[in-house]
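Okay, so here's the structure we're looking at.
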Amino acid sequence: MEIWVDISSADNCYQASSFGRIRRSKPAKGTRVGKVLSPRRHPQGYLYVVLRVNSESLTRKVHRLVAEAFIGFYPDLEVCHNDGNFDNNMPENLRWDTHQANMDDMVRHGTRLYGDNHQNTKISDQDVISILKDDRSHAEIGRQYGVGGSYVGRIKSGKSRCLRRVA
């Protein structure tokens, strides 16, 4: 049986369900009470919804809303998915924890975006390996790969693009 609980940060106008869904619970102009919202997918993989609260549009991640409703709200912590599945927003799969614990979970689940999988990557993992072996100046190497010499320096010092998965 699906259980619905008010979401306090949404002015109690919305509810989260034990199945990880979000619905409107109070009437407002242009809304329908009981309507389950259709989530969209964020580029990082999380599901999010757009809430209308006091004539303002609020974009919120579904897992945070469900955790707030069922577990409580902890502003200094992050919501972690116990199984690493961003689509599984059921309360028993969520917990509040530190940023470090969340990153550790993501590495363990294989959902952390880094290296070639990161949407903002500038160069490939193979290029990083080549840069690490190259003895030329940082500026020369940077020109070859279309990046700045300072970025090459950060790669060589281990401050950027640490290769955890690439030998």
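The values are calculated or read from the model by the stated rules, or taken from the named source; none is laboratory data. Computed from a prediction, not measured in an experiment: that's the story for all the values here. When we count neighbours, we look across all protein chains shown, and the Cβ atoms used for this are built from the backbone with ideal geometry, even at glycine.
Quick notes on this one:
- Top-ranked residue of region 96-136 - restricted to ones that are part of a helix (DSSP H, G or I) and among the aliphatic types (A, V, I, L, M), ranked as modelled with the highest pLDDT: Ala101
- Condition check for Arg23: touching a Phe, Trp or Tyr at 6+ places or on another chain (Cβ under 8 Å), closer than 24 Å to His109 by Cβ and of a type in the set (D, E, K, R): no
- Neighbours by Cβ (under 7 Å, 6+ apart or cross-chain): first from region 62-74, over 19 Å from His99 (Cβ atoms) and aliphatic (A, V, I, L, M); second at pLDDT 95 or above and in a loop (DSSP other than H, G, I, E, B): Val62/Gly20; Val62/Pro39; Val62/Asn89; Leu65/Ile7; Val66/Gly20; Val66/Asn89; Ala69/Ile7
- In region 32-56, the residues that are loosely packed, with under 10 Cβ neighbours inside 10 Å and in a strand (DSSP E or B): Glu56
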